[in-house]
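First comes the structure, then the notes that go with it.
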Amino acid sequence: MTKSGDLTRISTINGRRSFLGTATLSAAALALLSGRDVLAASHAGAMKESGDVAILNVALGLEHEGINAYTLGAQSGLLQKPVLDVAVRFQADHKEHRDALAATIRKLGGKPVEEKALAEYAKSLKADTLKNQADVLELAARLELGATNAYLGVLPSFKDAQLAKVAARLAADEVMHWTVLNNALGKPLPAGGMPFGA
Amino acid sequence: MQAFSVQAADAVRGKQLYESRCGACHSIDENRAGPAHKGVFGRKAGMAKGFEYSPAVKASKVVWNAKTLDRWLADPEKLIPGQKMGFSVSDAADRADLIEFLRTYNARP
């Protein structure tokens, strides 16, 4: 059971009026985002075939990885407050993303990709090489930057423009995380504009 | 004599592109959201050990080389309809550098 029934929850939690104004939504996205399962289901076949579900599932895989990376960082004992609190907050954001993506995939008739065991993420992310807080922050920053570029990179592939818009908003969250982590590492901002997605 | 030159693919730049564009889902040695790339040159599509591919890629007859990787990166869905990678690389020079990096890496002992 997901905490968030639909993607509009992200807007609500962030304290903003939803960007997902009803006047501009496609029928499928409107049904999906407002939780009208029957109408969403009627579009599910076409959406699934379009490949949007596959893209969302890859995104979900990245969110699973991000959540587990923060778990590995927290369990390492290498993070001290207030950095630990920030990591927990960022992990909570990724859980929101996960729940929203999984709910959307189900409503579009797909099967959300399963989370792997923590040990598998530890192996693929080489968690045994983390020796201090900076190592953990470097890993988190690398994953946040990668997720940013991944979300930006798949935008042109979405058949449903409203799903692309949601992916762009997820990318913005990742940029926010990366910027904070980069600053905590004492690194400068990227030189020039448009450093992401290139 | 033609007034153009063909710029050689740059594996060093390819490594940077790999890390910035591919690194969210892929690594050389480990399966992540996408399959590991170690040994990709000469390998049939859908054969990275332990990775759960789409049925389309598993059924494909594609063998990875510079030409097929270029077509894949330019438009994965065009090369293997039904695959699940939504990411593409539109710039031919970027694709060439990425492929050169993968080729160079795979040539290592």
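Would you say A:Q80 is more than 14 Å from chain B (Cβ to nearest Cβ), without any contact (Cβ under 8 Å) to a residue 40 or more places away in the chain and open to solvent by 10 Å² or more (accessible area, probe 1.4 Å)? In short, no.
Taking into account only those residues within the range A:154-177 that are within 14 Å of the chain's Cα centre (by Cα) and open to solvent by 30 Å² or more (accessible area, probe 1.4 Å), which is farthest from A:R142 (Cα to Cα)?
Among those that are within 14 Å of the chain's Cα centre (by Cα) and open to solvent by 30 Å² or more (accessible area, probe 1.4 Å), it is A:K165.
Scan the range A:63-98 for residues that are of a type in the set (A, V, I, L, M) and not in a helix (DSSP H, G or I) and the total you get is 2.
For the range A:117-128, which residues satisfy the criterion of being within 15 Å of A:G77 (Cβ to Cβ) and not acidic (D, E)? Even if it seems obvious, please write down each step before you answer.
At the first step, the residues of the range A:117-128 found to be within 15 Å of A:G77 (Cβ to Cβ) are A:122, A:127-128.
Result: A:A122, A:A127.
Scan the range B:18-35 and tell me whether some residue there is open to solvent by less than 20 Å² (accessible area, probe 1.4 Å), within 14 Å of chain A (Cβ to nearest Cβ), touching a Pro at 6+ places or on another chain (Cβ under 6 Å) and closer than 17 Å to A:V58 by Cβ. Taking every residue of the range B:18-35 in turn, none turns out to be open to solvent by less than 20 Å² (accessible area, probe 1.4 Å), within 14 Å of chain A (Cβ to nearest Cβ), touching a Pro at 6+ places or on another chain (Cβ under 6 Å) and closer than 17 Å to A:V58 by Cβ.
Within the range B:71-80, does at least one residue satisfy the condition of being crowded, with 17+ Cβ neighbours inside 10 Å, facing chain A (nearest Cβ under 10 Å), touching a residue at least 12 places away in the same chain (Cβ under 8 Å) and over 17 Å from A:L152 (Cα atoms)? So far as the range B:71-80 goes, no, none of its residues is crowded, with 17+ Cβ neighbours inside 10 Å, facing chain A (nearest Cβ under 10 Å), touching a residue at least 12 places away in the same chain (Cβ under 8 Å) and over 17 Å from A:L152 (Cα atoms).
Of the candidates A:A69, A:A59, A:A119, the single residue that is within 14 Å of chain B (Cβ to nearest Cβ), open to solvent by 30 Å² or more (accessible area, probe 1.4 Å) and within 25 Å of B:P35 (Cα to Cα) is A:A119.
Going by what's in this entry, would B:K44 be described as over 24 Å from A:P112 (Cα atoms), within 15 Å of the chain's Cα centre (by Cα), open to solvent by 90 Å² or more (accessible area, probe 1.4 Å) and in contact (Cβ under 8 Å) with a residue 12 or more places away in the chain? No.
Among residues of the range B:22-33 that are among the basic types (K, R), those with a Cβ under 7 angstrom from a residue that is open to solvent by less than 30 Å² (accessible area, probe 1.4 Å), sequence gap 6+ or separate chain, pair up as B:R32/A:E65; B:R32/A:S124; B:R32/B:C25; B:R32/B:H26.
Inside the range A:141-198, can you point out the residues that are among the acidic types (D, E) and on the phi > 0 side of the Ramachandran plot? Passing the criteria: none in range. Scanning the range A:103-116 for residues that are within 13 Å of chain B (Cβ to nearest Cβ) and either hydrophobic (A, V, I, L, M, F, W, C) or part of a helix (DSSP H, G or I) (or both), we see that the one that is least open to solvent (accessible area, probe 1.4 Å) is A:I105.
Given the residues A:L139, A:L181, A:L185, which is the only one that is modelled with pLDDT of 95 or more, away from chain B (no Cβ under 14 Å) and crowded, with 20+ Cβ neighbours inside 10 Å?
A:L181
Can you say whether B:T68 is among the polar types (S, T, N, Q) and either under 11 Å from the mean Cα position of the chain (by Cα) or at pLDDT 95 or above (or both), as far as the supplied structure shows? Against the criterion (among the polar types (S, T, N, Q) and either under 11 Å from the mean Cα position of the chain (by Cα) or at pLDDT 95 or above (or both)), B:T68 qualifies.
The values are calculated or read from the model by the stated rules, or taken from the named source; none is laboratory data. Remember, predicted model here, so these are calculated numbers, not experimental data. As a convention, Cβ positions derive from the backbone with ideal geometry for all residues, glycine included, and neighbour counts pool all protein chains shown. Please note that ligands, DNA and RNA were not included when accessible areas were found on the heavy atoms of the full protein model with its side chains. Shrake-Rupley method; radii C 1.70, N 1.55, O 1.52, S 1.80 Å.
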